[in-house]
1. Ranked highest first by the average count of other Cβ atoms within 10 Å around their residues, in what order do 269-282, 305-318 fall?
2. With labels modelled as points extended 7 Å from the Cα through the Cβ direction, what inter-label distance (nm, one decimal) is found for residue 32 paired with residue 380?
3. Under 1.5 on a/c is rounded, so check that first for region 145-275, then, if it is not, pick prolate when a/b is larger than b/c and oblate when it is not; a ≥ b ≥ c are the square roots of the alpha carbon gyration tensor eigenvalues.
4. For the pair residue 63 and residue 226, what calculated FRET efficiency results from E = 1/(1 + (r/R0)^6), where r is the Cβ-Cβ distance and R0 = 25 Å, to the nearest 0.05?
5. Hey, can you rank 353-361, 192-200, 151-159, 34-42 by average C-beta count inside 10 Å, highest first?
6. Arrange the residues 268, 28 by how much accessible surface each exposes, largest first, with a 1.4 angstrom probe.
7. Go through 49-56, 246-253 and give me the packing order, highest mean Cβ count within 10 Å leading.
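The values are calculated or read from the model by the stated rules, or taken from the named source; none is laboratory data. None of the values given here were measured: they were computed from a predicted structure. Using ideal geometry, Cβ is built from the backbone for each residue, glycine included, and neighbour counts are taken over all protein chains shown. With ligands, DNA and RNA removed, areas are computed over all heavy atoms of the protein, side chains included. Shrake-Rupley method; radii C 1.70, N 1.55, O 1.52, S 1.80 Å.
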Amino acid sequence: YLKISKLALAFAIIHSKPPGKSSKEYTEYLAKTVSEQDFGWKWKVEVLEAEVLRLRQELLLTRISPRFCLENRKQDTSAETLLGQESINPTSYSSQLEDSGCDVCNDSAFDSLGIASDFHQSEHNVNTSKHWLERVPPLNLCHTSKEQSVTAPVHFLQCLLEIRQLSEGGVLQADFLELENDSFTICNSVSQLLDGLTFFYNSPKFPAPGFLTEGVHVLISLITDSKLSNHVLKKCFKKMEEFKKNLIQIILRNRSVNRFQALHSVSETLSLLGRNNILRNSLISLLLSEVHQFAEQLLQAHQVQSMYDITQYENIFFLCMILEQLLQNETEESNISSSDYGGEEKTKFLKNLDQIILHLSDEFPLFSLYLWRVSVLLNSGQMQ
């Protein structure tokens, strides 16, 4: 039946083709027309799905705290005015760095994202006030963009954090058990935010757009909140794991000349994610696996005197620094057992590590030093 249908379609195209066009040219024209129609329908479906998610978010917030939503509706909706100004005159930024980015010791690289300098303050006082809410644009059904893939979930999650803060202070009554009854909304919101952050980390802009900075702020505040983090991680743990893996691969695979500033910011985000006890253990395992795999590849290349990936060798130090920092934080916190993390990856990393360091120490002293420092931290965790 399928062969007959294809043959009938071919005859129809041949008989209906306009004069002056070959059958091949007419077939390509028809295929292009159909694909454009499909793209239009896909775009409409994405817009409608986004609107459905926004309505579900609003409904969930109403169920959690009806009074919060009622008071917000009474506020002046100045967000639309701000959004119009931003769309006309967006934040100007250059896609190219002004310098080579080789000065990786300069912490101002990450400060350009506005995250590191503000995180400690936001950790104690979550800035989810109306100042933030007014800067987040509402969903625009006439236009969807990558920016809205971050700002839309950020708006919803900021509202959750603000309700949490107000309920903690006794200003509002809130029932966060409603999060258990609507796992779809919370999962899709967090997934949308993680996908948006991954996209912009893959194509970094400097200085970073404000919505990207706020997206990271909200994500970190969400997973460090004592009441909300359990709901989020329980429903979105796999997505968070995928996000961490994507950030690690962004660090390893980036080959841009001016990459160090961008990689530094990604490294800081991974470090902040590692402050969560649940995410920390799996992140340490991922980092141990990547560093150990690269160490074995480097040893093999050194033994047969073959070429190795110099760019990846430079990038691996970002993972080493994150790993060392997480292990130091782990051993300094006496309320957490250091033997709980790593598992199989920890055993693989320590196996034959002395031999790897011995063979690489002359040619790659800095990398060997990092391997040794990580092994010391792992062994000190075993002795505790």
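1. Values: 269-282: 19.4, 305-318: 14.1.
Ranking the peptides 269-282, 305-318 by packing returns 269-282, 305-318.
2. 6.5 nm
3. On the way: a/c = 2.15, a/b = 1.94, b/c = 1.11.
The shape class here is prolate.
4. Values: r = 21 Å, r/R0 = 0.85.
Plugging the Cβ-Cβ distance into 1/(1 + (r/R0)^6) gives 0.75.
5. Details: 353-361: 15.3, 192-200: 19.7, 151-159: 24.8, 34-42: 10.0.
With the highest mean Cβ count within 10 Å placed first, the list reads 151-159, 192-200, 353-361, 34-42.
6. Working: 268 50, 28 105 Å².
In descending accessible area the options line up as 28, 268.
7. On the way: 49-56: 15.1, 246-253: 18.4.
Per-residue mean Cβ counts within 10 Å order the peptides as 246-253, 49-56.
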